[in-house]
Amino acid sequence: MFTSLVNLDIQTMIFMTSLDAMLQVSMLIFLCFLVNQYRGIKTYTFGKIFTISSYFITFSKVFPVSATLITAGLFLLMGSCITCIAIAQFTDQKIKFHYFLIFNLLFICIQSYFVIFQDIFLFKTITQSVFQIAIFALSIYYLRSHSHKSFVGSARFMVSIMAGLILSLIARIIILIQNPPENLYVPTEINSASLLIIFVFTFLMTAGFIMMVCQRLYHDLHQAANTDVLTHLLNRRAMMHKLQKEINHFYRSDRPFAIILIDVDFFKRVNDVYGHDGGDTVLIHLAQILQTKMRHIDSASRWGGEEFLILLPDTTLYKAQEIAERLRSYIEVNPTQSNIQITISLGIAVIRQHGNSLESLITAADHALYEAKRTGRNRVVVAQS
């Protein structure tokens, strides 16, 4: 294998790496037009353009060999820094740009010293590798410390690729110390292997970044399709899906569950007195209470208008009544921040006791809610068996 690597033409490998990077940038530019709601995508593309520039400078040899490699190395490091910034932006983390500027200036100073006083390929290459390792390590930190859960899988993929690249750079440093070539253009195993590693890992990193964008986009679209815009609770469609899964589980394991239908009392009066903004405030207030006062296994949704539905898995009738009463009494004595006082009526239905199908269970809860409103509101009523 190593013998075949030596036989590969270095100039051809540099050109193929440049062409590969151009194709990556083309995909990223297309991605910028398709998805422009996330920070970092354009920055990542810009960083890749710097990376391409470094490859073409290396390929073209526009300067003497030493100056060419220094210039290409600077563009490569700047490209890595910009992609690191892009990852920080995409993961919504704070960045101190002047640190990156100082980092690049330090690189220029060290490499300039080697060019002027000790023009040795080994020293310059080790410096390049160490600085690249530092940037990749920082990128890994950003990928591991973000709070997003929407692209965890693809972020882990990116981390594994960058960790592999760091290990490859460390191995390269060790091999270079043992047997340093004269420059990058000499057809040696380490030079050929380095270019092959760059070819593979840069492609995988771009693929990983595109995967992160796609995974985040899918998550956001899924959230938009299943979340009520006003209250940020599940919408009716998402709750129906949960209910269907719960009743299927009931058919398999005979595990009981309950539902609670909630309606805001005299909601039309709230709209008439406080306007629609006041009505929205009441719905948001109620949704926040439901989210904070429910058990972690429960799910709440905006069922429609001023109606809400709560799914209570693995819950008996007694426990469902206890939860409903606790919600009713808490809301009664806790007005909104704008001091709008409300009460709620609640209807409870439990699987098997009040229905053996989803439709019959919801109908039973709806009838119980109607009875709660008919008999005076601000009360909990259990469906008739």
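The values are calculated or read from the model by the stated rules, or taken from the named source; none is laboratory data. All values reported here derive from a predicted model rather than from experimental measurement. Don't worry about glycine lacking a Cβ; one is built from the backbone with ideal geometry, like all the others, and counts go over all protein chains shown. Protein only, heavy atoms only, side chains kept; ligands, DNA and RNA dropped before computing areas. Shrake-Rupley method; radii C 1.70, N 1.55, O 1.52, S 1.80 Å.
When we screen Asp119, Asp92 for residues that are outside any helix (DSSP H, G or I), of a type in the set (D, E, K, R), more than 23 Å from Ala193 (Cβ to Cβ) and over 17 Å from the mean Cα position of the chain (by Cα), the only hit is Asp119.
Restricting attention to region 305-346 and to residues that are free of Cβ contacts under 8 Å to residues at least 40 places away in the same chain and of a type in the set (Gly, Ala, Ser), the residue that is farthest from Arg269 (Cα to Cα) turns out to be Ser329.
Restricting region 12-67 to residues that are part of a loop (DSSP other than H, G, I, E, B) and among the basic types (Lys, Arg), the residue that is nearest to the chain's Cα centre (by Cα) is Arg39.
Looking for something at pLDDT below 95, touching a helix residue (DSSP H, G or I) at 6+ places or on another chain (Cβ under 8 Å), farther than 15 Å from Arg379 by Cβ and in a loop (DSSP other than H, G, I, E, B) - is there at least one such residue anywhere in region 316-324? No, because not a single residue in region 316-324 is at pLDDT below 95, touching a helix residue (DSSP H, G or I) at 6+ places or on another chain (Cβ under 8 Å), farther than 15 Å from Arg379 by Cβ and in a loop (DSSP other than H, G, I, E, B). Among residues of region 340-356 being out of contact with any Pro (no Cβ under 9 Å at 6 or more places or on another chain) and surrounded by fewer than 22 Cβ atoms within 10 Å (Cβ to Cβ), the one that is farthest from Val282 (Cα to Cα) is Asn356.
For the subset of region 170-217 comprising residues that are without any contact (Cβ under 8 Å) to a residue 12 or more places away in the chain and part of a helix (DSSP H, G or I), which member is farthest from Met27 (Cα to Cα)? Within region 170-217, the match that is farthest from Met27 (Cα to Cα) is Gln178.
Are any of the residues in region 357-377 among the hydroxyl-bearing types (Ser, Thr, Tyr), over 28 Å from Thr227 (Cβ atoms), surrounded by fewer than 19 Cβ atoms within 10 Å (Cβ to Cβ) and without any contact (Cβ under 8 Å) to a residue 24 or more places away in the chain? There is at least one residue in region 357-377 that is among the hydroxyl-bearing types (Ser, Thr, Tyr), over 28 Å from Thr227 (Cβ atoms), surrounded by fewer than 19 Cβ atoms within 10 Å (Cβ to Cβ) and without any contact (Cβ under 8 Å) to a residue 24 or more places away in the chain.
Reported count of residues in region 18-33, each being open to solvent by less than 20 Å² (accessible area, probe 1.4 Å) and of a type in the set (S, T, N, Q), is 2. The condition of being under 19 Å from Arg236 (Cα atoms) and either open to solvent by 50 Å² or more (accessible area, probe 1.4 Å) or in contact with a Pro (Cβ under 9 Å, 6 or more places away or on another chain) (or both) holds for only one of Gln321, Gln337, Gln291, that being Gln291. Checked against the criterion of being in a loop (DSSP other than H, G, I, E, B) and among the aliphatic types (A, V, I, L, M), the candidates Ile310, Ile297 yield just one match: Ile297.
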